[in-house]
Structure formats: structure tokens, C-alpha cells
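Report on the structure given below.
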Amino acid sequence: MKYLSTRGQAPKQSFLQILLGGLAPDGGLYLPERYPQFIAAELEFMRGMDYRQLAFTLLSRFADDIEPDDLKALIDKTYTTEAYSHGRPDSDFSQITPLRHLEDGLYLLELSNGPTLAFKDMAMQLLGNLFEYALDQAGRDINILGATSGDTGSAAEYAMRGKHNVRVFMLSPEHGMTRFQQAQMYSLQDANIFNIAIRGVFDECQDIVKAVSNDLEFKAKYRIGAVNSINWARVAAQVIYYFKAWFAVTTSEGQPVDFAVPSGNFGNVCAGHIARMMGLPIRKLIVATNENDVLDEFFRTGVYRPRSSAETLHTSSPSMDISKASNFERFIFDLVGCDGGRVAELWRAVDRGESFDLNASGLFAKVVEFGFVSGSSSHADRVSTIRMAWEKYATMIDTHTADGLKVGLEHREAGVPLVCLETALPAKFEDSLVEALGRKPERPAGLENIEALPQRVEMMDADAVAVMAFVAAHAND
């Protein structure tokens, strides 16, 4: 399997070649030159597989340059019940991603039982093991530069802490994350972990990461890699749980299922799009945003209008406080018929701070063929949905999951199972849960007083040059 850039000007490479690099040299994102296809008979054969078996079946199509025995060992090392057992004593952890039945035809896919209590662990734990494997194979080291709006950072740091030949430099906005989220990252004392708080919003952190990735000389000299969802391996790993959920809620081949997905950077729902392109019978992919509704606006109007930092709001679902959705480029590449030149043209406008409109070209009319619908949610909606889920289903959900459930229910149709993807455990967003329910969510053992732990973090302006200087100064520590 070879991988190409969404902007069409980078040489094709293998899975291991793109694993450590992040952005393609032309600034685009990597995608497989073709999506593996699974016909109905193959899906039925896969129905009885456990999570590890399913992961190997899917990932071996994407990573065919890793020896099968090695890939299986990496998967088995990653997806263990011990690693994914936080905070759900009533769940069946043998399934890794348990499905919670709320009522007939309505389900919650539990994805937040990993080390950092967020769905990002589902892919990031595998990525940590893949990085270590690839670096050992190549006899080299890497400096990971990432940006987080809340959960990616802690998931990456917990996946990479203590890994040899790996250093992590994680940018996060000074404000916006909860105290719990900050403490998860900043309390890590591992020598290979560097936290940098940026005086700005997440999009400025993300812009710095992209600027560094596009400086090919610096990137090569200091061996810069990426763990954000621009990294293809993360998206590929997220495809697995869509297949697992579909098997869990269906009984026959071809039965359609709808998925509601809280979305900020478009990575999670992009994995659903790819699963659908691979032949999984997904009918609708319901994109749920918060007040930062750039994605909802596109799927309603055909206009993609990234917002400025000043226009990006701090909300009670802070991991979705994003107004430039990186992975959206992957979907647009498919929408325009894999025309890299067209994607490059569109993103030149985005990089200038402009919007683009796909109505006149007729492309927006084709979006429906990919199953996407959308909606947005406000703070009042989140509070109301959290309260409803607790009172009606005896289920406590976090603010991001509430966005997904609220918008999912708006698009729910009788006779079609609706699976809402959980984003994080409520413990990470205590203040909002107290507001909604008048009670604090329980915390998993060992995390009761995480905010009181000593913290290590550097404070910096939103200045790519300054960040590059810091990385250069510590790249060989």
C-alpha cells in the first residue's frame, strides 16, 4: 500500500515512511492511494472477531510493510483489558470498546477507558508502540511536535512517556482546557516530555505546528514528527472501532447504522468516513460541533469559512474549540475526485485566511453521497443533554459527548440504529457536570487529586520562531 498527498505534489511512500513525518512535503495530508475494500461476505466473516483480531485484519491492509508477526505483536501489546479499564466497573472490557445500550436503537460507544480517559487513547497507545518499533527499525530518534485543545496532548504524552528515542513537545492554549486536562499533561515529570503553554488559542498552536512541519530544513535537521490527527496512523487506528460498533449493533449483512460524532478537528469523523469508503454500511455520519461551528456551517451551506483566533470561542466542550479543521482536507480530497491540484488551490485560500464555496462548482451537491449531516450545540444544550442522559438513562456523560448526543438525536430516524461516540469521561469536566447535575463525577482511582501534583510547563507567546528555538535547544536532551 502506497500513500499520496492530498495536494498531489509529494512522492508516494509506504506506511512506515509516512508514519514518523506528519505533513507531506507539499503541505498536504497523506491518504492511501486506494481504500481497502470489504464486501458483505468478508464483513460477515469478521463479525465474530475480538478487538485485536479486527485491528489486525484492518491495519494489515494499511501497514503491509510491517511484518505480520510484528504487527500482531504491536496490536496485542496495545489493546489489553488492563490498558482500557479506567472508570467503568460495569463494562465488558473484553470488548475494549464496550457498547452501552441506552434504549432501543440508541447506543453509546464507550471509547474513554484508556489511560487518559479520552477516546484519543484508542489510537495514541498504538501510535506510541508503532513509533518505538519504527525508530528501532531505522536506528534513529524523533522529536514530536504537537498541538492540543485538550485531550490529544495527554493521550500523546502518556503513550510516549518513557519511550526510548522519542521526545514530545506539546503546545496547548494558556486558557480553555480544564484544570484536570492541564494537570494530566503538566504533572508528568518524564524527561522526554516538554509542555509549552501558548498565550493564544488552539488554532494558533496548530498553526505553529504546521509552520514547523512546512520548514523542511528545520524538520529534517531536528527530526520532527507528528502525533496530531494529521498523522495517518492515528486515523487508521480509529477506523477499527467503527467496524467494532457496527458488528455490535447489527445482526445481518448490509444493515445500515448512523454514527453521531462530536467533532472539532474532523479526525474522529474522518475515520468514520474512511470506514464507510471501505464498505462498512454506515448510512449517516452526523457531525456535531459546539459554538465553534465551522464544520456545521460547511455541511449546511457548502461554505468552508475558518475563523480567526479572535472569533474562536472558549466553550464548556473545549477540546472542540477549533476553527480550522485539519482533517477536513482529507474529506475534500475524496469529494473533488482525488484531484490534488484542486485541493492545493482551495487550501491556498484557507492559508490566506479566506473561505471557499463549493456550491457553484456543484461539488456541495455531492456531499450527500458521502452520508454527512451536521448540527451544533450550545452550553445550555450541553447542560440539558447531560441532565437528560442522567435522568433518562442513568448514564453520566461529558460535555463533548453531550454535543454528539444532542445533535445525533436531532437526526435520528426510526428503524436505523444510532451510535453516539463517547469522547471523554465526565471526570475531566467536573465544573460542567456540577452545573448540570449538582454533583461531582467520580474519578478513577489514582486521579483523585491530580491538580495538586507538581507541574512542569513553559509559557510562550504564539511565535513559531521562539518555539523552534526551544525545540532546537532540547532536541538532543
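The values are calculated or read from the model by the stated rules, or taken from the named source; none is laboratory data. These numbers were taken from a predicted model, which means no experiment stands behind them. Every residue, glycine as well, gets a Cβ built from its backbone with ideal geometry; the counts of neighbours run over all protein chains shown.
Within the group Glu442, Glu430, Glu422, Glu435, which residue is touching a strand residue (DSSP E or B) at 6+ places or on another chain (Cβ under 8 Å) and touching a residue at least 24 places away in the same chain (Cβ under 8 Å)? Even if it seems obvious, please write down each step before you answer.
Values: Glu442 fails: touching a strand residue (DSSP E or B) at 6+ places or on another chain (Cβ under 8 Å); Glu430 fails: touching a strand residue (DSSP E or B) at 6+ places or on another chain (Cβ under 8 Å); Glu435 fails: touching a strand residue (DSSP E or B) at 6+ places or on another chain (Cβ under 8 Å).
Exactly one of Glu442, Glu430, Glu422, Glu435 is touching a strand residue (DSSP E or B) at 6+ places or on another chain (Cβ under 8 Å) and touching a residue at least 24 places away in the same chain (Cβ under 8 Å), namely Glu422.
Checked against the criterion of being touching a helix residue (DSSP H, G or I) at 6+ places or on another chain (Cβ under 8 Å) and at pLDDT 95 or above, the range 404-414 has at least one qualifying residue. Say whether the condition of being touching a Leu at 6+ places or on another chain (Cβ under 9 Å), surrounded by fewer than 22 Cβ atoms within 10 Å (Cβ to Cβ) and either part of a helix (DSSP H, G or I) or among the polar types (S, T, N, Q) (or both) is met by at least one residue in the range 393-402. Checked the range 393-402: at least one residue is touching a Leu at 6+ places or on another chain (Cβ under 9 Å), surrounded by fewer than 22 Cβ atoms within 10 Å (Cβ to Cβ) and either part of a helix (DSSP H, G or I) or among the polar types (S, T, N, Q) (or both).
Say whether the condition of being in contact with a Pro (Cβ under 7 Å, 6 or more places away or on another chain) and touching a residue at least 60 places away in the same chain (Cβ under 8 Å) is met by at least one residue in the range 337-357. For the range 337-357, residues in contact with a Pro (Cβ under 7 Å, 6 or more places away or on another chain) and touching a residue at least 60 places away in the same chain (Cβ under 8 Å): absent.
Tally time: how many residues in the range 1-41 are part of a loop (DSSP other than H, G, I, E, B) and not β-branched (Val, Ile, Thr)?
Filtering the range 1-41 down to residues part of a loop (DSSP other than H, G, I, E, B) leaves 1-2, 6-12, 14, 20-29, 33-39.
Those still in the list that are not β-branched (Val, Ile, Thr) too: 1-2, 7-12, 14, 20-29, 33-38.
Within the range 1-41, residues that are part of a loop (DSSP other than H, G, I, E, B) and not β-branched (Val, Ile, Thr) number 25.
Among the residues of the range 256-270, not a single one is closer than 30 Å to Phe45 by Cα, modelled with pLDDT of 95 or more, polar (S, T, N, Q) and part of a loop (DSSP other than H, G, I, E, B).
Yes or no: Ala211 of a type outside the set (Ser, Thr, Tyr), without any contact (Cβ under 8 Å) to a residue 24 or more places away in the chain and surrounded by fewer than 21 Cβ atoms within 10 Å (Cβ to Cβ)? Working first, answer last.
Values: of a type outside the set (Ser, Thr, Tyr): yes; without any contact (Cβ under 8 Å) to a residue 24 or more places away in the chain: no; surrounded by fewer than 21 Cβ atoms within 10 Å (Cβ to Cβ): yes.
No: the conditions fail for Ala211.
Output the residue which, of all residues in the range 356-385 that are hydroxyl-bearing (Ser, Thr, Tyr) and in contact with a strand residue (DSSP E or B) (Cβ under 6 Å, 6 or more places away or on another chain), is nearest to Ser317 (Cα to Cα). Can you show your working first?
Going residue by residue through the range 356-385, those that are hydroxyl-bearing (Ser, Thr, Tyr) are 361, 374, 376-378, 384-385.
Next, only the ones that are in contact with a strand residue (DSSP E or B) (Cβ under 6 Å, 6 or more places away or on another chain) stay: 374, 376.
On the way: Ser374: 17, Ser376: 12 Å.
Restricting to residues being hydroxyl-bearing (Ser, Thr, Tyr) and in contact with a strand residue (DSSP E or B) (Cβ under 6 Å, 6 or more places away or on another chain), the top hit is Ser376.
Pairs are defined by a Cβ separation below 8 Å, a sequence spacing of at least 6 or placement on different chains, a first member in the range 381-392 that is among the hydrophobic types (A, V, I, L, M, F, W, C) and in a helix (DSSP H, G or I), and a second member that is surrounded by fewer than 18 Cβ atoms within 10 Å (Cβ to Cβ) and at pLDDT below 95; no pair meets this definition.
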